[in-house]
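Values in this text are rule-based calculations from the coordinates and carry no lab data. Because the structure is predicted, anything quoted here is derived from the model rather than measured. Every residue, glycine as well, gets a Cβ built from its backbone with ideal geometry; the counts of neighbours run over all protein chains shown.
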Amino acid sequence: MDSVSILTRDGGSIELSGDTLQELAAGLGGSLVSRSSANYEEVRAVWNAMIETRPALIARCTTAADVQRCVRFAAANDLLFSIRGAGHNIAGSALVEGGLTIDLSQMREVEVDPVSATAIIQPGATLGDVDAATAEHGLALPVGINSTTGIAGLTLGGGFGWLSRKHGLTIDSLLSADVVTAGGDMVTASETENEDLFWGLRGGGGNFGVVTSFTFGLYEAGPELLCGLVVHPFSDAPDLMRYYREFTSSCPDELTLWMVLRDAPPLPFLPEEVHGTKVVVFAFVYAGDPAVGEQLLAPLRSYGSPHGEHVGVIPFAGFQQAFDPLLTPGARNYWKSHNFASLEDGVIGEVLSAVETLPSPQTEIFIAQVGGAAARLPVESTAYPHRDAAFVLNVHTRWEDASEDRLCIDWARAFFDATAPYSTGGVYMNFVSEAADAARVQAAYGSSYPRLQEIKAKYDPDNAFRTNLNVRP
């Protein structure tokens, strides 16, 4: 391998000789990729096509020992580095310009113990990997809604989805984690070991080390649950949004109901003339007896004049992939998000106005119902500080052509500003598009930030783990 110029943490650069790089590569179970490697662009690619960051080196790890070796190498040479899980993060923090990316995306093993209802999961695993392994035993972990999302980033940011009202956030199921610290040591974090680190990992992002293994508790879930979509014309949106607010006010924990407003994709159960028109979508999962769920959802399904619906008792792992066609990698994405304690009329009005001017056919506004079990733990029990949120609103701006960047980003920011007065002031860290935005970093960590700084000072005093929503020691 040729020598490589690479950035250091102080903003300078050093030249790593070919012999030095060969020695690093020879000790890895995986491989070392540079900008001159034939597969560099393939390996460098992440989910969001707006991320054009180009690391000088990408170390593809296959074992925890690989991770330790890379972290120690970075420390010895004072290198600027990033950690990549599945590469799905909207802000692109998996990569670092001109530095070293420690790539965990090949570490995807999921080991399920159905007797103890636990799973040991490597950090490169996607939610699809997790769902497939757990569903085989009629078990599930509360995770997000897109199967290509990585378990590591999702968990470290909190993690919520269809099962969170029933079983809590992803971090609420975390039992322990194996972590490589900034010095390259391996430690275990749990309720009984390195308890402060365990607290910080549950909502504090990748600020304290590299998690090489997560151990989770699992829950019985199906494997078949009552799931579905009901699609309405946008002309009925004002009434539908108020109905949604009323209906969700009395939902049991078993039911999670989300609302999506967008141009209709070509769903097979919709008449062709509806495709491409603006619609309101009710999406739901009932995590309990389907017969009870059918009765509970009957008023929702009969309300208004829907274009069509797709509802049934189906494999939950399959429904977890229902939105994948709308979230494929390779498009340009920019998100803005708020947490809400309630959906006031002002929020509804701003949503309706914004949908009238969607900047691209793929752009959507979704409102996720949270609360339930996720809201019942004391806020101080984990670093995740947003248990007061009843709804998470995400403006998912998505388009194909770079010439549309300004239009789409400006639209998202304008809507974000218009809805800010009605929000709690908090934001789900995994929905923050700009890791360098200090205000959103503070909003993401909220009241937990001072304690996170203390933990950072203990486990990473030199801020080696900095290419993220950074907590400074």
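For the range 59-174, what class follows from the C-alpha gyration tensor (a ≥ b ≥ c being the square roots of its eigenvalues): rounded when a/c is under 1.5, otherwise prolate if a/b is larger than b/c, else oblate? Judged from the Cα gyration tensor, the range 59-174 comes out prolate (a/c at least 1.5, a/b above b/c).
Computed from label points 7 Å out along Cα-Cβ, the spacing between Asn463 and Ala341 is 3.3 nm.
Excluding Asp131 itself, what net charge comes from residues whose Cβ is under 14 Å from its Cβ, given Lys and Arg +1 and Asp and Glu -1? Numbers along the way, then the final one.
Working: positive: Arg108; negative: Asp129, Glu136, Glu224, Asp324.
Around Asp131, the surrounding residues sum to -3.
For Ser3, the amide hydrogen comes within under 5 Å of the amide hydrogens of Gly18, counting only partners 5 or more places away or on other chains and with H modelled in the peptide plane.
Consider all pairwise Cα distances in the chain and report the whole-number % of them above 42 Å. Intermediate results must be reported in sequence, preceding the final value.
Details: 16485 of 111628 pairs.
That tail contains 15 percent of the Cα-Cα pairs.
Once the Kirkwood radius over Cα pairs is known for the range 390-452, the Stokes-Einstein relation at 4 °C and 1.567 mPa s delivers a diffusion coefficient of 98 µm²/s. Across the alpha-carbon atoms of the range 416-473, the computed radius of gyration and Dmax are 12.6, 40 angstrom. Comparing Gly11, Ala76, Val43 along the charge dipole axis of the range 4-103, the residue lying farthest to the positive side is Val43, per the Cβ-charge model.
Rg/Rh for the range 169-311 to two decimals, with Rh computed the Kirkwood way over all alpha-carbon pairs. Value, to two decimals: 1.16. For the range 224-433, dividing the convex hull volume of the Cα atoms by the residue count gives 129 Å³ per residue.
Please state the shape class of the range 356-466: rounded when a/c is under 1.5, otherwise prolate if a/b exceeds b/c and oblate if not, all from the C-alpha gyration tensor.
oblate
Under a 5 Å amide H cut-off, with hydrogens placed 1.01 Å from N, Leu255 pairs with Ala287 among residues at least 5 apart or on other chains.
The charge dipole of the range 7-132, taken about its Cα centre with unit charges on the Cβ of Lys, Arg, Asp and Glu (plus for the first two, minus for the last two), comes to roughly 160 debye.
3J(HN,Hα) along the range 223-235, derived from phi through the Karplus expression 6.51 cos²θ - 1.76 cosθ + 1.60 where θ = phi - 60°, amounts to x, 10, 10, 6, 9, x, 10, 10, 10, 10, x, 5, 4 Hz, with x in place of Gly and Pro.
Sort largest first and round to whole Å: the equivalent ellipsoid semi-axes of the range 4-103, each the square root of five times a Cα gyration tensor eigenvalue. Let's see the in-between values first.
Numbers: eigenvalues 76, 47, 34 Å².
Square roots of five times the eigenvalues give 19, 15, 13 Å.
Once C-alpha pairs closer than 8 Å and six or more residues apart are averaged by separation and normalised to the residue number of the chain, the relative contact order reads 15 percent. Residues in the range 451-456 carry Karplus couplings, in order, of 5, 4, 5, 5, 5, 4 Hz; the curve used is 6.51 cos²θ - 1.76 cosθ + 1.60 with θ = phi - 60°, and Gly or Pro positions show x. Put simply, the amide H of Ser176, placed in the peptide plane, has neighbours under 5 Å in Thr215, leaving out anything fewer than 5 places away on its chain. Using the Karplus relation 6.51 cos²θ - 1.76 cosθ + 1.60 with θ = phi - 60°, the per-residue 3J(HN,Hα) values for the range 196-203 come to 5, 5, 4, 4, x, 5, 8, x Hz, with x marking Gly and Pro. Computed from Cα atoms, the angle from the helix 237-248 axis to the main principal axis of the chain rounds to 80 degrees.
Each of the GluC sites (Glu not before Pro) that DSSP puts in a loop and that has at most 16 other Cβ atoms within 10 Å breaks the chain; the longest unbroken stretch is 194-343.
For the chain, the longest principal axis of the C-alpha atoms and the axis of helix 345-355 are separated by about 80°.
Oblate is the label for the range 1-59, because the ratio a/c of its alpha-carbon gyration tensor axes (a ≥ b ≥ c) is 1.5 or higher and a/b is not greater than b/c.
Counting only alpha carbon atoms, the long axis of helix 405-419 and the longest principal axis of the chain meet at about 60°. Measuring nothing but how far apart in sequence close Cα pairs (under 8 Å, 6+ apart) lie, relative to its length, the range 1-146 scores a relative contact order of 19 percent. Over the range 323-473, what is the relative contact order in percent, taking alpha-carbon pairs closer than 8 angstrom and at least six residues apart? About 30 percent, as a whole number.
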